[in-house]
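Only one structure is covered here, and it is reproduced in the block below.
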Amino acid sequence: MNTIVVATGNKHKVQEIGEILGARGYHVIGAQEMGGMPDVVEDGLTFQDNATKKALETARALNCTVLADDSGLEVLALNGEPGVFSARYAGEGGNDGRNVRKLLDKMKGITDRRARFVCVMVVASPEGVIATSRGEVNGKIAQAPAGDGGFGYDPVFIPDGYDKTFGQLPQEVKNSLSHRANALKALEL
């Protein structure tokens, strides 16, 4: 079984990627298990910029090939917010509850609730980028959080074709259609 190191300190991402790639015969571990994540400043203007920076810096720090992603939520009526700032939308520290509350506060009175999750994956070795991919899933923002599954904005994101949020849907359903799943499907491993 091939092992893939994921360049993130987010245990939820490691678990989700592990569940998706486990079905393809991969064993997924987080950078923490390899000695820790370097302190990467995600100051890029795009998901591609941040994923590339994270992949390269982590691959060099750990001296191995790694998989990095940068992902977030883009809301049409908010001109793409929170976008690359999704994890720190309500301030540094990555508090999911505060981020969701800020989003719902900004969405008050807005009827066009279309949104999409975007994920860019980058595989890099210490020598450079090996592969990249992008995945998206379209949907809409719910009026209020529902469900306790997933993480981040999952309790307020309803994917197209469903009437439940990612927070309510079974994990295997989310893993079959999420932005991260679509990016991983497109990635040549």
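The values are calculated or read from the model by the stated rules, or taken from the named source; none is laboratory data. Everything numeric here is computed off the predicted structure, so don't read it as measured data. In this analysis, Cβ positions are derived from the backbone assuming ideal geometry, glycine residues included, and neighbour counts consider all displayed protein chains.
Data table
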{"item": "Options ALA183, ALA144: the member that is within 22 Å of VAL75 (Cα to Cα), surrounded by fewer than 20 Cβ atoms within 10 Å (Cβ to Cβ) and touching a residue at least 12 places away in the same chain (Cβ under 8 Å)", "result": "ALA144"}
{"item": "Among the residues listed as GLY139, GLY150, the single one being surrounded by 18 or more Cβ atoms within 10 Å (Cβ to Cβ), small (Gly, Ala, Ser) and at pLDDT below 95", "result": "GLY150"}
{"item": "Single unsatisfied condition, ALA131 versus (1) part of a loop (DSSP other than H, G, I, E, B); (2) hydrophobic (A, V, I, L, M, F, W, C); (3) in contact (Cβ under 8 Å) with a residue 40 or more places away in the chain", "result": "(1)"}
{"item": "Those residues of the stretch 149-178 which are part of a helix (DSSP H, G or I) and under 14 Å from GLY72 (Cβ atoms), in sequence order", "result": "ASP154, VAL156"}
{"item": "Lone qualifier among ALA181, ALA124, ALA146 - being part of a strand (DSSP E or B) and touching a helix residue (DSSP H, G or I) at 6+ places or on another chain (Cβ under 9 Å)", "result": "ALA124"}
{"item": "Close pairs from the stretch 1-28: first under 13 Å from ARG180 (Cβ atoms), partner among the polar types (S, T, N, Q) and not in a helix (DSSP H, G or I), Cβ under 7 Å, at least 6 apart", "result": "VAL14/THR8"}
{"item": "Residue under evaluation VAL129, criteria (1) hydrophobic (A, V, I, L, M, F, W, C); (2) surrounded by fewer than 21 Cβ atoms within 10 Å (Cβ to Cβ); (3) farther than 25 Å from GLY30 by Cβ; (4) in contact with a strand residue (DSSP E or B) (Cβ under 8 Å, 6 or more places away or on another chain), criterion not met", "result": "(3)"}
{"item": "From GLY97, GLY91, GLY36, GLY44, residue being small (Gly, Ala, Ser) and either under 13 Å from the mean Cα position of the chain (by Cα) or under 27 Å from VAL173 (Cα atoms) (or both)", "result": "GLY97"}
{"item": "Every pair of residues 6+ apart whose Cβ atoms lie under 6 Å, when the first sits in the stretch 87-98 and is within 20 Å of ASP148 (Cα to Cα) while the second is aliphatic (A, V, I, L, M)", "result": "GLY94/ALA87; ARG98/ALA90"}
